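The values are calculated or read from the model by the stated rules, or taken from the named source; none is laboratory data. Worth saying up front: this structure is predicted, and the values here are computed from it rather than measured. Methodologically, a virtual Cβ is constructed for each residue, glycine included, from the backbone with ideal geometry; neighbour enumeration extends over all protein chains shown. Ligands, DNA and RNA are stripped out before the accessible areas are found, and what is left, the full protein with its side chains, is counted by its heavy atoms. Shrake-Rupley method; radii C 1.70, N 1.55, O 1.52, S 1.80 Å.
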Amino acid sequence: MADLHNNGKSTGFVATMGALHPGHLSLIEQAKQHNDVVICSIFVNPTQFTDPSDLEKYPRPIEKDTQMLADAGCDILFNPPVNEMYAAHEHWHLELGEIEHLLEGKFRPGHYQGVTQVVYKLFNIIKPNTAYFGQKDFQQVMVISKMVELMNLPVKIVMCPILREDDGLAMSSRNIHLTADDRQHALVLSKALQWVKDKFAADKIEELQAEAAKMIGNEPGVELEYFEIADSNNLHPANQHTKNPVVLVAARVGKTRLIDNILID
Ligand code: AMP
C-alpha cells in the first residue's frame, strides 16, 4: 500500500463481508470513478456478530466473489484470515456516545464496537484516501463517520445509495437465506418505507409510524424489531420540524434478520 501512496495514486476502499451482490458492486463502481486504485476487503468479522449461529451460517462464496471483483475492475482484494486481523483476547472500546445504543445498537449490543474495531484496523492497513459505505447500513455510516472524527483519521467517508431488486427488496447477502415465502413477505418492509415517504408531507409522524408498524406486524412470518422515523443527523425520533428525516426498519423475516431505510428529503 505504501507504494501506491508514494506514487501519488488516489485509493478508494470498499469494506465487505463477501457474498457480493450488485449493491456491493455499486460501491466498487463509485470508487473506480473517483480513484486511481480500488481496494476491496472481504472479511466476515467475528467481533461484530451478536448471534454465533448468524456468524456460522454467513455465506462465504470466495471464488465467485473473487471473479465478481475481477469483472468489476477492482484492483486489489484484501481477504485476511481471522488470526491475521486479531490477536487472542484482544480488547477494544471506543466511546461512541448515544448513537451506539440506539436502534441497531439496542437490538445488537456490542455490534458497533466490533464494526469500529475492524474498520479501524482496515483503515490502518489499507490507508485509503476515500472509503465507500452503503446507505443500506445507515447507522453504520454515522458510527464510522463518528470514529473518523474522534480519531482524526485521514479518510473521507462517502455514503452510496441502496440498490434494490426490481420489486423493492433491498439487496443483502442475507437474502440468500429467505425461503420463497419469506421473500414475498419481506417486501412489506420496503413497501412500508415507501408508503411513509409518500404520505410524509400530509400525515402526522406518530400516526404514520403506528400505521406502518401495524402493516408490518400484520404480515405473516414477519416479526418487527423497530420502525422509526428519525432525524438523520442523530437518529432521535423525528418531529414536524425535523429537516432531513430518515425512516429505518429492522425485522425478522422467517429466520433472517433484515434492515432497510429510506431518506425523506
Ligand atoms: P456487507 O458485506 O453487508 O458488510 O456490506 C458491505 C458494504 O456494502 C456496506 O457498506 C453496505 O452498506 C453496502 N451494501 C450492502 N447492501 C447494499 C445495497 N443493497 N446497496 C448498496 N450498498 C449496499
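Annotations
- Selection within segment 154-182 - more than 9 Å from the ligand (Cβ to nearest atom) and β-branched (Val, Ile, Thr): VAL155, ILE157, VAL158, ILE176, THR179
- Within segment 123-138, being part of a helix (DSSP H, G or I) and either open to solvent by less than 50 Å² (accessible area, probe 1.4 Å) or among the hydrophobic types (A, V, I, L, M, F, W, C) (or both) holds for PHE123, ILE125, ILE126, GLN135, LYS136, PHE138.
- Options ALA88, ALA15, ALA31, ALA72; residue that is within 16 Å of the ligand (Cβ to nearest atom), out of contact with any helix residue (DSSP H, G or I) (no Cβ under 9 Å at 6 or more places or on another chain) and either under 30 Å from HIS236 (Cα atoms) or aliphatic (A, V, I, L, M) (or both): ALA31
- Residue in segment 87-109 that is closer than 21 Å to MET159 by Cβ, at pLDDT 95 or above and of a type in the set (Val, Ile, Thr) present: yes
- Residues of segment 34-52 satisfying the condition of being within 11 Å of the ligand (Cβ to nearest atom) and outside any helix (DSSP H, G or I): CYS40, SER41, ILE42, PHE43, VAL44, ASN45
- Here is the figure for segment 124-143: residues that are farther than 16 Å from CYS40 by Cβ, hydrophobic (A, V, I, L, M, F, W, C) and near the ligand (Cβ under 10 Å from one of its atoms) total 2.
- Test result for ILE216, out of contact with any Ser or Thr (no Cβ under 6 Å at 6 or more places or on another chain), of a type in the set (Val, Ile, Thr) and either open to solvent by less than 70 Å² (accessible area, probe 1.4 Å) or more than 16 Å from the ligand (Cβ to nearest atom) (or both): yes
- Scan of segment 53-91 for residues that are assigned to a loop (DSSP other than H, G, I, E, B) and either aromatic (Phe, Trp, Tyr) or open to solvent by less than 60 Å² (accessible area, probe 1.4 Å) (or both), ordered by number: TYR58, PRO59, PRO61, GLY73, CYS74, PRO80, TYR86
- Restricting attention to segment 214-241, the residues that are closer than 28 Å to SER145 by Cβ and at pLDDT 95 or above add up to 15.
- Segment 139-166, residues that are touching a helix residue (DSSP H, G or I) at 6+ places or on another chain (Cβ under 6 Å) and surrounded by fewer than 15 Cβ atoms within 10 Å (Cβ to Cβ): PRO161
- Single match in LEU4, LEU77 (criterion: modelled with pLDDT under 95, over 24 Å from ALA170 (Cβ atoms) and in contact with a strand residue (DSSP E or B) (Cβ under 6 Å, 6 or more places away or on another chain)): LEU4
- The C-beta contact set for segment 45-74 (first residue basic (Lys, Arg), second residue modelled with pLDDT of 95 or more and in a helix (DSSP H, G or I), distance under 9 angstrom, 6+ apart or interchain) comprises LYS57/HIS177.
- Those residues of segment 248-265 which are within 20 Å of LYS199 (Cα to Cα) and more than 15 Å from the chain's Cα centre (by Cα), in sequence order: ILE264, ASP265
- Restricting segment 92-122 to residues that are assigned to a helix (DSSP H, G or I) and open to solvent by 70 Å² or more (accessible area, probe 1.4 Å) leaves a set whose member that is nearest to the ligand (Cβ to nearest atom) is PHE107.
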